[in-house]
Structure formats: C-alpha cells, structure tokens
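Just so it is clear, none of the values below were taken in a lab; they were calculated from the coordinates. Model, not experiment: these values are computed from the prediction. Neighbour counts run over all protein chains shown; Cβ positions are idealised from the backbone, glycine included.
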Amino acid sequence: MLYPESNECRMLTSLDGFWNFKVEEQPIDPAQPLANSITMAVPASFNDQVIDQQIRNHDGYFWYQTTFNVSKMQLAQRNVLRFGSVTHEATVYVNGKQVGHHQGGFTPFEIELDGQIHPGENDLKVRVSNLLSNKTIPIGKLTEENGNYHVDPNFDFFNYAGIHRPVKLYTTSRMAHIDEIVVKYDTDLKQTTVNPEVRVTGDFDQVVAEILDEDGNRIERVQGNSLNEIQKMVISDTHLWQPMNAYLYRLKISLLAEGELIDTYTQEFGIRKVEVKNAGIYVNDQPVYLKGFGRHEDFPIIGKGMNRAVINHDHQTMKWMHANAFRTSHYPYSEEEMQLADRDGFLVIDEVPAVGLYAGFSVSMMGQKAANTWKIMQTMDAHKQVIQETITRDQNHPSVIMWSVANEPASQQEGAHEYFKEITDYTRQLDWQHLPLVAPKIASATVDVDLTGDLFDVIALNRYYGWYIDFNDLAQAKSDLMTELRKWHQKFPDKPILFTEFGADTLSGMHSINREPYSEEYQHDYYQMNFDVFDQCDFVCGELLWNFADFATPAGLIRVDGNKKGIFTRDRQPKQIVYDLKKRWGNK
Ligand code: E9O
C-alpha cells in the first residue's frame, strides 16, 4: 500500500480535525446522526482528551463521525479513503453503509469509495473497538459480564485507542492506478541494479520508470509496454545510505495510455546492505554498534496520536545524544516517523505488535505466571497478519535493518519453538531483503531455559539485573549478568548479542546520598554497571536502553504515574544520566 501523495494525477485531502465522538452504550444506527456526541480531535487517542474517567477507561466500542465534501469533478476519479491506523479495530460506514473493516491498531488500511459517495456532503462514521483477547495482537485478557467488557492488557503500556494516525481521501484515475511499488535491488556497494516490483490495477500501454538522485537529477530511465520491462536499472556509482548519514534516491513510476499520463507515483528508497556475521551486525560491510533506545509513541494529552513535532523533537534529542538506533517497541510506529528515520539515518528495529505472548504476564504480579502460554494463545493468524502488513508497509525504508517479530514471548515454555518456527519461516519467505530477525527475550527466558535461540539471527535480550532481579545489589547483578552473557556466547558463538531493554525506574528529581533505587543516583550506577559488562564483551553489538522517556501504563502497584524507566521524563526533560550517556555515546 502506497503512502498517499498528491501529484499531477492524484488529489489528496486531509480529513483530520475535530470529529464527533460517542461511547457505544446501546446499539447505534450508522444511518442516523450521532446524538449527544462530544468533540474529539483526530489524529490522537481519545482517552486523555476528555475529563471523564468513564470514557477514559471504557473498554468496548466507540463511534467517531465527521463529514467530507466531494466535488463533481472529483467524482469522475476513483476515490480512496485511507486510515494511517485505528486502534485496535475499525468498522467504517459512509453515508450509513458499511464500506470497510480492519483489525489491528498499528497498520494502515484503505477503502475504495466507488459508488458510495455523491457530490456535496458525505457522512463518515467509524466504529472503533479497543478490545483485546488471546486471539488478537497485541494480547489482552478479555472478560464480559452483561454486555460490559473488561480488558486487562497483557503488556506494560496504557491501552490508548482511537484514530491515531492521519485520515486521508485521495484520488486516482479510473483507468489504471499503481497499487504497490517494492524497490528491489542488488548492490555490490559500487554498482546497484534496481529491479522494481510494481503492482497495477487497470489497463495502460506504456510504463516509464525513472531514478532521481537527491538533487532531483534523473540518473536512469527505462520504459516499456509492460511492468516486467522496467527492470535492470543501473546506478553505476552508488551513493549509499549510511547510518546517521542518509542518502535517498527516488523511483518515479508513470503509466500512460495513448500517450497520456494516467497515473504516477514517486517512491523514496535508499541503498544499503545489512548482514549478520562473526557475532556482529554489519551495514555496508562495516560493523555497527547500536546506541539508542526502546521507545513508545506516548505523549501527554495526545496519547499515541501521530504528532510531527513530538517525533522531530525525539529524533533531534536522540541525535544530540549521539544515538544511532531505536526499536519501535512494541508496535510499528507511524509512517511519518519512518520517513523521518530514513532521512535522519537511524537504524531501526521494526517491531510488530506481538507483545504479551506470555500467559498470565503482569508486571505487578511477577512470579504468578502460567506455564501453558502456547496452549492458551490463539494468535497465529493475527500474528501473521501483522507481520505481513508491517513488511508490506515498511520494506522500502532503508532505516529498517531488522524485524522484531515479538517482544518477550514465553520462549522458555513448551510449544515456543514450534510457534516461532512457523512465525520465522513465514517472515523469511515474505521478506525479499532477508533482514535479520529478532524477538527480544524476557528476563525469565535465560540461556538455560530458552527454546528459540536457534531461530533468530541476533540474540536480543531484555535484561534487568539490578532491578527485577538482584534488586538493589549491583555487585551481584554484575556477576549474574556476566555469567548469563558468557553462556549465551558459548551456546551461539556466531550470533551477536543485542540489549533491547535494560533499565531502572527513576523518579526525576529524586536524589539519594545512599544511592537507593528510584533515585537518579541509582539509575546512574545501574547503567554504569551494565556498560562495564558490555564493554568487556566484543560480541555485544548494541545497547538500547529502556526507555527513552517515561510513559503511561495502566495503574499498578509498581507503576506510580506510569513506567519511570525513561532517561527523559514523559515531557522530555532530562534525568541526570542523560549527560553521562551523551558523553559515552559521543566517544563510542
Ligand atoms: C517490556 C516492557 O514493555 N519489558 C518489561 C518492561 C518493564 O519496565 C516493560 O515496560 O517492566 C520488563 C519485563 C521484566 C520481566 C521480569 C521478569 C523477572 C522474572 C524473574
């Protein structure tokens, strides 16, 4: 699915703005006006826009409504309605009739409106659900009593919901349009051959493909009468996309009929090679050490809503700290963010929303975990769907150097190997780039009990020695961390080890001369201990801290106003560790 653009053949309108909103208490007729609604900004989570705890914490269904105008001229074209994401499930109605449905809160979907709209004002309603279960991705525990739902998220972030990303209406010609462009290429890092895979609906008699460099110069052009003729485009002196030094080419595809242009689309791409070998990660034949964060799409008031200023500020902050990488924990981030990551040169581990694949997991109930996860979970179909939608959406982004197919699954429980064999086979067969695969491992899936290490290219560890384990005992923590690390390396000597989480809850402004947990001093010592260990192990290929910023979670005994493992507060003010880290990464 292409990211919508306007050009000489396509028109683009934004439907973002103030919509009407209502919690579904009784069945609602989509053909009737939405009575007693309140205002809700789109895009954004609905939860923190209202001063109403019942709405904020309601589990179930919600209605959004707006209107949009279409001109007679526009109706001559093919019209498509596109949602960047609706969390977690959307049923879409236009002028009272159901036109589409999508399950999965973090990937885009679109709906053709042919025959559904008329000139003038049209009514648009979306019935949204925030329900999760053991069949959905991510996973929640769903209960129902007399039609009242309750969801216990099986993960440690607030279950924000709503229309989280932009809503757009765009047009294409009715004769033919480009559906998809995959910029496949082969490179020896000098010469690159681009073999685009383009999908088109409709008839045309000529297709033109052009490659433009960053200054807009055309460096290659091929044409033909069919899509398989636009192959073997050669870039003889390749300007590589490098970490923190991006370079983006553009591929422009045009369709013509009887000499007239009927559709065109320009797709950005970058050229780089990613490899895992000799216990290291290599980009363009150079070993890279990942410095950065696990993050969240999370900010006061907007929740998980896409906001360009917040995205840009986070990127500027990471660059200022000499970070070069982040993981999209625990779901694919907005397309707008991925585009900026390409331009900024970040190395991104793109994670699908498969978080909570651990029966009975709850951060506030550690130790009370069921051991039959792979009998309880019925997530295989939904899991494959999110992998397919994530790869389809993100495969043209040079910033994406790895796919993370799950976070902290119960990889030590019986059935884990079978489940992840199917998942990794499926992912590898979809991904033409053969990017490395990871699934960050939970602290309890130690090297002695984990069953899935052989399936992944990089051993990704979420480790909390000195916090959840060996709490307040950094000497013991250091020795336990070292022991586990050495064992992993012994077991998989060729696989690099990447820290995808490590951190300690820290209250900004809390100081302790005794360097007690939760203080900025403890956070400092905790990280220093981890760094001391990493620096002794050359098979460790990166450190992604948990977390970039404090973030909202469901209320919980160990969650006082959210998870405080940020090195920044939720509103992006630095804790003391930031300055040491900036120095470390500046030298590394
Ligand atoms: C996932 C992330 O979303 N990992 C968690 C993070 C946290 O801060 C959470 O925010 O809690 C850590 C999981 C730790 C599990 C420890 C299990 C210990 C078993 C002995």
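In region 318-361, whose amide N lies under 11 Å from the spot 7 Å out along Cα-to-Cβ of L12? List them in ranges. Hits in region 318-361 for L12 at 11 Å: 336. A protection proxy built from the mean count of other Cβ atoms within 10 Å ranks the segments 294-300, 16-22, most packed first, as 294-300, 16-22. Using a cutoff of 8 angstrom between alpha carbon atoms and counting only pairs six or more residues apart, the relative contact order for the chain works out to 12 percent.
With a simple spin-label model that places each label point 7 Å from the Cα along the Cα-to-Cβ direction, the separation between D203 and L557 comes to 7.1 nm. The modelled label-to-label distance between S71 and E214, using points 7 Å beyond Cα along the C-beta direction, is 3.8 nm.
Summarising the amide proton neighbourhood of A359: residues at separation of 5 or more, or on other chains, whose placed amide H is nearer than 5 Å comprise T373. Placing unit charges on the Cβ atoms only, positive for Lys and Arg and negative for Asp and Glu, gives region 12-172 a dipole magnitude near 520 debye about its Cα centre.
Checked against a 21 Å cut-off, the cross-linked pairs K277/K583; K232/K252; K97/K384; K273/K491; K168/K304 give Cα-Cα distances beyond that limit for K277/K583; K97/K384; K273/K491. Label point of M1 set 7 angstrom out along Cα-Cβ; within region 153-167, amide nitrogens under 17 Å from it belong to 162-167. Using the Kirkwood formula over every pair of different C-alpha atoms, what hydrodynamic radius in Å results for the chain? Radius from the Kirkwood sum: 25.2 Å. Among the listed pairs K319/K495; K291/K495; K487/K564; K441/K565, those with a Cα-Cα distance over 25 Å are K319/K495; K487/K564. Extension gain for the segment E414 to M244, taken as residue separation times 0.36 nm less the Cα-Cα distance, is 57.1 nm to one decimal. Put a dot 7 Å past the Cα of M510, heading toward its Cβ, do the same for L430, and the two dots end up 4.0 nm apart. For Q53 and K487, the difference between the fully extended length at 0.36 nm per residue and the C-alpha to C-alpha distance is 151.4 nm. Magnitude of the charge dipole for the chain, about its Cα centre and with charges confined to Cβ atoms of Lys, Arg (+1) and Asp, Glu (-1), is about 540 debye. Packing order of peptides 143-150, 54-61, highest average first: 54-61, 143-150 (average count of other Cβ atoms within 10 Å over each peptide's residues). For the chain, the residue among Y522, G60, P287 whose Cα projects farthest onto the positive side of the dipole built from Cβ charges is Y522. Report note on the peptides 577-588, 429-440: ranked by the mean count of other C-beta atoms within 10 Å, highest first, their order is 429-440, 577-588.
At full extension, D571 and H313 could sit 91.8 nm farther apart than now, given 0.36 nm per residue minus the alpha carbon distance.
Rounded to the nearest 20, the size of the Cβ-charge dipole of region 177-324 about its Cα centre is 840 debye, with Lys and Arg at +1 and Asp and Glu at -1. A cut-off of 5 Å between modelled amide H atoms, ignoring neighbours fewer than 5 places along the same chain, links V50 with no other residue. Lys/Arg Cβ at +1, Asp/Glu Cβ at -1, dipole of the chain taken about the Cα centre: which of G509, F106, Q385 is farthest positive-ward? Sorting the options by dipole projection puts first G509. When shorter helices are ignored and each DSSP H run of at least 4 residues is given -39500 (n - 2.57), the per-residue value for the chain at 222 nm works out to -5500 deg cm²/dmol.
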